[in-house]
Amino acid sequence: MKDIIIVGIETSCDETSVAVVKNGREILSNIISSQVDIHQEYGGVVPEIASRKHVELIIPVIDKAIKEAGIAINQVDVIGVTYGPGLVGTLLVGISAAKALAFALDKPLVGVNHIEGHIAANYLEHKELEPPFICLVASGGHSHIVVVESYVDFKIIGRTRDDAAGEAFDKVARAIGLGYPGGPLIDKMARRGRKDAIIFPRTYFNDGSLDFSFSGLKTAVINYINQQDQYREGKGESLPLEDIAASFQQAVVDMLVNNTLEAAKRQNMKRIALAGGVASNSMLREEIMRLAKENGMEVYYPRPLLCTDNAAMIACAAYYAYLDGIVSDFSLNAVPGLKAGEKGEMP
């Protein structure tokens with residue numbers, strides 16, 4: 001069988017990324033140009049700034065990815081690109097570049113769901129992994145429990161009803177003065193704190209739903225900080241920031257792990273995968289590995305680089321979509337609110 005070379009393009013938020021992947025599993029190059037330093041001073045991503053930066057970077061990043069892969073541009077077989085969910089302006093930059101490349105090379109164009117791309121990152125890390133399995137997708141914009149029925153068929157059985165897990169990390173990090181992005185900073189600080197020092201609320205639904213809710217937890221942490229500030233005012237005492245970070249992180253991890261394990265039990269699955277930026281959290285990995293082992297389950301997760309937004313995962317997802325006959329035409333548009341499992345290219 002002829003090798004299939006996929007170019008993946010990812011611009012859903014603040015990373016400009018282009019990758020070249022062979023046969024869906026072998027990364028030839030994976031270039032990621034992050035804008036974190038630019039957005040740090042604002043405490044989060046500014047969409048207009050992100051879009052303009054993508055415009056500046058997309059062509060040089062494409063050139064670098066092709067060069068690092070050691071291939072000629074005419075060896076590319078398929079162009080894959082994220083078309084949602086994400087920021088509409090940033091998505092359009094990647095889609096425009098992908099269309100131009102597909103048109104110039106006369107190659108198929110495949111629109112990729114960003115959430116499904118995160119799931120596909122596990123295939124790049126674990127060559128033996130195949131569907132079906134349960135996947136927890138947790139990032140700054142998403143918190144989903146997904147039944148991965150096949151390489152192209154997905155069913156959401158749990159999602160956040162308010163804030164995403166990564167969003168809660170960012171907001172709590174800002175409240176305790178850590179800056180942006182919050183997840184890695186809280187993870188680092190929490191290692192020096194006591195995870196049982198403060199009992200923050202965990203939200204579970206009585207109707208049997210596997211949905212998440214992090215808004216109440218975020219509010220509880222912020223209220224605790226405000227109350228402690230008032231109590232300690234004038235006493236010269238400092239807030240126990242390490243304990244706050246550790247106790248907050250434990251609450252988030254408890255909800256993510258408990259719901260994911262329950263999902264695996266209900267679906268009679270023995271394999272669980274993690275995906276998204278929050279999947280690189282050290283406590284989440286430790287807790288789910290420990291509890292999964294107690295329940296006779298296996299856990300898979302990508303290396304931290306592949307947990308972030310990157311184009312290799314998009315190329316991988318595009319490969320399996322292409323094999324299944326899923327190809328987009330040049331009317332492909334950005335769909336900011338796209339959900340996992342949706343195949344339509346318009347809302």
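The values are calculated or read from the model by the stated rules, or taken from the named source; none is laboratory data. Treat the numbers as computed from the prediction; the structure is a model and nothing was measured. Counting neighbours? That spans all protein chains shown, and the Cβs are built from the backbone with ideal geometry, glycine included.
Worth pointing out:
- For region 31-59, the set of residues classified as out of contact with any Phe, Trp or Tyr (no Cβ under 7 Å at 6 or more places or on another chain), assigned to a helix (DSSP H, G or I) and over 17 Å from Leu92 (Cα atoms) consists of Val36, Asp37, Ile38, listed by residue number.
- Unique match (being buried (at least 20 other Cβ atoms within 10 Å of the Cβ), in contact with a helix residue (DSSP H, G or I) (Cβ under 7 Å, 6 or more places away or on another chain) and among the acidic types (Asp, Glu)) among Glu125, Glu116: Glu116
- Counted residues, region 184-199 - those being part of a helix (DSSP H, G or I), among the hydrophobic types (A, V, I, L, M, F, W, C) and under 28 Å from Ala263 (Cβ atoms): 2
- Which listed residue is of a type in the set (A, V, I, L, M, F, W, C) and more than 30 Å from Phe248 (Cβ to Cβ), from Ala334, Ala340: Ala334
- Just one of the numbered conditions (1) modelled with pLDDT under 95; (2) within 14 Å of Ile314 (Cβ to Cβ) is not true of Glu116: (1).
- Hey, His142 of a type outside the set (Gly, Ala, Ser), crowded, with 22+ Cβ neighbours inside 10 Å and closer than 23 Å to Ile79 by Cβ or not: no
- A search for C-beta distances below 7 Å between a residue of region 35-54 that is farther than 19 Å from Ala97 by Cα and modelled with pLDDT of 80 or more and any residue that is surrounded by fewer than 16 Cβ atoms within 10 Å (Cβ to Cβ) and of a type in the set (Lys, Arg), counting only pairs 6+ apart in sequence or on different chains, returns nothing.
- Residue, nearest to the chain's Cα centre (by Cα), within region 200-222, restricted to residues that are assigned to a helix (DSSP H, G or I) and surrounded by fewer than 19 Cβ atoms within 10 Å (Cβ to Cβ): Ser215
- The single condition from (1) crowded, with 24+ Cβ neighbours inside 10 Å; (2) out of contact with any Leu (no Cβ under 8 Å at 6 or more places or on another chain); (3) not in a helix (DSSP H, G or I) that Leu274 fails is (2).
- Extreme residue, nearest to the chain's Cα centre (by Cα), among residues of region 277-297 that are part of a helix (DSSP H, G or I) and under 13 Å from Ser143 (Cβ atoms): Gly277
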